[in-house]
Structure formats: C-alpha cells, structure tokens
1. Inspect all residues belonging to segment 110-126 and state whether any of them is aromatic (Phe, Trp, Tyr) and more than 20 Å from Leu44 (Cα to Cα).
2. Can you tell which of Gly331, Gly349 is closer than 14 Å to Asp439 by Cα, at pLDDT below 95 and small (Gly, Ala, Ser)?
3. Can you report the number of residues in segment 411-443 which are surrounded by fewer than 20 Cβ atoms within 10 Å (Cβ to Cβ) and either under 30 Å from Ser208 (Cβ atoms) or of a type outside the set (Gly, Ala, Ser) (or both)?
4. Give the residue that is surrounded by the fewest Cβ atoms within 10 Å (Cβ to Cβ), with candidates limited to residues of segment 200-218 that are touching a strand residue (DSSP E or B) at 6+ places or on another chain (Cβ under 6 Å) and polar (S, T, N, Q).
5. Say we look at segment 62-105 and pick out the residues that are in a strand (DSSP E or B) and in contact with a helix residue (DSSP H, G or I) (Cβ under 8 Å, 6 or more places away or on another chain); which of these is surrounded by the most Cβ atoms within 10 Å (Cβ to Cβ)?
6. For segment 62-96, name all the residues that are closer than 23 Å to Gly282 by Cβ and either polar (S, T, N, Q) or touching a His at 6+ places or on another chain (Cβ under 7 Å) (or both).
7. Within segment 388-442, count every residue that is more than 19 Å from the chain's Cα centre (by Cα), more than 21 Å from Ile336 (Cβ to Cβ) and of a type in the set (Lys, Arg).
8. Test Gly286 against the stated conditions and say whether it is surrounded by 23 or more Cβ atoms within 10 Å (Cβ to Cβ), modelled with pLDDT of 95 or more and out of contact with any helix residue (DSSP H, G or I) (no Cβ under 7 Å at 6 or more places or on another chain).
Amino acid sequence: MGPRTRSWARRAPALLALVATGFALSGCAFQRPEDPVVLTGSELPRLIGAPPGKILAYRYIQDQWQQVPVQVDERAVIDFGTVYDDDPYGVQVLTYTDPGTFVGPDPDPTLDGNDEVALMGIDSWSRAPAGAHPPNVVAGSGEELRIHDATGDPIDTYVYLYRQTGNLDPGAGRSYVDYDFGLLSGDYKGTYRLNDGPNPEDSTVTTSFYSRHFSDRWTGDGLRITAPGASGVDILDRHKNLFAPGFCDRSEDTFNDAEGAFIVNKSGPVRAIRSYIGANSGPLTGRQHVFYERREEITTFLRVHAIPAVMDFFDYSPAASGMTYRSDADGDGATIDGIPDQVDAGEIGWETVDGAQGGLSIVHRISTDVPGLDWTSYHLDDSTPSGPSQTQCTGDAFAYGSSGPWINEGIPNTDPRSTPFYSLTDRRTLFYELPGKPDGPRRSAQVDSPLQVSVAPHD
C-alpha cells in the first residue's frame, strides 16, 4: 500500500493556478468529492484480458496528462461452502475474491467481465483532444469515461483508462484509504475459528476524513471523524444488531461467537473492502463494508430462516455528547446528552449527527421483495437506561443517541437453501463531514442518483 499523500491542501495550488490562467472548470466531480466511479469489465471492452496491474487511469489537465489512482477488484461466482473451506452448499454468489481467504483468487487473473474497476469522480477533469494519449500506453486501448452529475453541475468531466507498456503503479503513488486487518490469532487460513468464534481483531480503517475500528467480525466499535475542524474523538460505542430492544439472545456478540468466515479483506489505492458471513442460525447472512476516503457503504444481506424482527443501529459513546441528532422523520432533532427525549419514529431514509466532534450523514435503503413489509426507527438517549426494554446487551452500559432502522414485524425465510425464500438487503451509506456540514436530503439524493458514466473508445 502506498502512502496517503492526497489532500485538498495539496491540490489547492494547482486549482488556483488554473483559475489564474483563466481556465476554470466547474465539473460535477468537484461538487461530489465523496463519490466513486465503478464500472464492470464488461463496460470496458478494450481492457478485457489486461492484467490488473497494467491498467492505468489519467486525466487531461492544462494540456497535459496526469495519472490518477485506479483499482481493479476481481470477482467470481463462488459457492458459500468455499467461504467456509467446506463442501459445496449448492448456493452461489458473485463476490469479490481474496487469495488470503478460502474464497481464493479469481480463476481468471486478468480483467474479465464481472470484475470491477474503481476510481474517484474527483479525479476527472477536462476532455482530451482526439488523437492525444499519454506516453507508454498500448495503441488502441484507450477508454474515455464521461462523468455526468444529474443532480448538480451540468458540465461533464472526463477520465481515461489505458493499458500500459511499462510498470507504473496503478495507484499513481497514492492511497486514499488504509485498511489494516489485524486478526489477533495470526494467519487467517491457519488460525480462524470457522465453526465456533469469537475471533478477536484489532482492525483499523484510516483515511484523511475518518477512522474506524473493528474488534471482531460483526463488532464495529470505533468511529473518529478527522475531517478538517473535527475533534477526532471516538463517538461510537457499537454498531449493534438485535431482534428487539433489550432482547439479548441475538446480537453482534452472539454472531461473532458462532460460525462465520471472511470473504475478503482488501486495501487498495481507491477503496478498501471488508466482507464476511455467519450470524448464528444464519450462516449465509453477511455484511460488506466498502470504504472510500469520505464515505463508507455498509450492506447487510439477510439470509436466514423466518425471524420475528431485526434492528440495525448505531449506539454512540459518551464522547458524542453535545452532538445534534436529526432524521427525515424528525427534522427538529435532539441533543445527544444521555437525557431522554422524544424523537419521532418512521421509515427513515436518512439520519445526521453533528457537533464539534465532526459531522456524519447516514442514508438508509432497505431493498426487499417481502410483500407489505413495513419498518420504523429506533431511538434511545439515556445514560442510565432501566427496565428490560432498555437493557444494553453489548458494549457499554449507556445509550447515547442510539438510533437506526427497526423492522419490528416478522420476516419470512430469506435463506436461499430453503424454498420459498425472499430477499432482504439493508444498505447504510455514511458520509464523513466537516462540523456543521451534514446534509441528509443532499446525501440521500446522491445515493439515489450516482454519478452517471458513459464509455467510448479514445484513440
């Protein structure tokens, strides 16, 4: 992994120089610096068959080519039994591959149709003239990516992909995210307890805007916002999962204590990926984290027999005191201070927390084919919780701004090993913000309208 050298401070002189020379580009990428551009290999026909290390990205700026980071994430269709180093289960999924887990490497080591190529939209710039190309690239391999923001600036920006003839670093000497998977027992394949956890970790994700900590597969127990102006204190007690408030028979701790496995742990120049499965009697239930410099995508895949309900919420730490909580169900908000208050509940689409500690915007999307499924939200702010429904099953003894979606009704079978089965996926997108800058409606629109990309040959 290369050093993390990119920052707005480093880019400021170049941007000022452009303005001084009368060249100003109001591109969509600058309005949405959090957002990635992700394409599959099938969308990049000129690059199919190229080794990932031979794919480079460039932008065209001030009549010059400038290399920018690009990342290839290989994927393959695998049987869930492979994840557990077991015989086939008869259920397959398209997923990221990892030589460091039992999933193993992609059987096709080159860029194939289902692999992903990831860049950051902010690394795009102006359109290159026809016939212009960087040095030391394969003739006829250029792909022009035109990036359009349907929700903001109408001016499109561009970035270019090529096969290289040399040995340049696809990360362009930079890394926007650093993920250190720290399994305390040692080597994953040699020491991970697949059949009966726990499997303690000291794993960290670090960018210029935030840091995260994980102490076991399902235990996210650290969140520091390090965006400019933020205090950087750890505002998270736990990312929690329960069936119902105070019902401790199932939680992220019991998930860790049962069978489970990792699919992938990867840190690249553009993004990091952490993906795992195993949650008590739902061994195929999984969660995937994709970390970018300013945002994180957490997708939970429910694959389990019928269950009575499920909660997915953040319980903040006492260090979050003084932050303001809001959601689209309760725009007035409430102060996180451990003092009980009334917060309106509903099918929340976004939440924000904001204070001197930093800003956090969270967008929620639940996708399911369960007929008529309804859900609501949960909120508890009480430094001295009491009564069965307020029992703190995991983490510390306090509830500071505990909040998130709550499907408070029965969910039918979602385990594909039994029929009939339904699908239910919960996606939580976190935007790490400067103090005073969380914007739930805007971030919600970003999630629903990702950057649009069109691809054309460039010679």
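1. So the first thing to find is which residues in segment 110-126 are aromatic (Phe, Trp, Tyr), and the list is 125.
Next, from what is left, pick out any that are more than 20 Å from Leu44 (Cα to Cα): none.
The answer is no; no qualifying residue exists.
2. Gly331
3. Keep residues of segment 411-443 that are surrounded by fewer than 20 Cβ atoms within 10 Å (Cβ to Cβ), which gives 412-413, 415-423, 425, 427, 434-437, 439, 441-442.
From what is left, the residues that are either under 30 Å from Ser208 (Cβ atoms) or of a type outside the set (Gly, Ala, Ser) (or both) are 412-413, 415-417, 419-422, 425, 427, 434-437, 439, 441-442.
Looking only at that region, the number is 18.
4. Only one residue fits best here, namely Thr204.
5. Only one residue tops the list, namely Val68.
6. Thr82, Gln92, Thr95
7. 1
8. It is true that Gly286 is surrounded by 23 or more Cβ atoms within 10 Å (Cβ to Cβ), modelled with pLDDT of 95 or more and out of contact with any helix residue (DSSP H, G or I) (no Cβ under 7 Å at 6 or more places or on another chain).
The values are calculated or read from the model by the stated rules, or taken from the named source; none is laboratory data. Fair warning: this is a prediction, and the values are worked out from it, not measured in the lab. Virtual Cβ from ideal backbone geometry, glycine too; neighbours counted across all protein chains shown.
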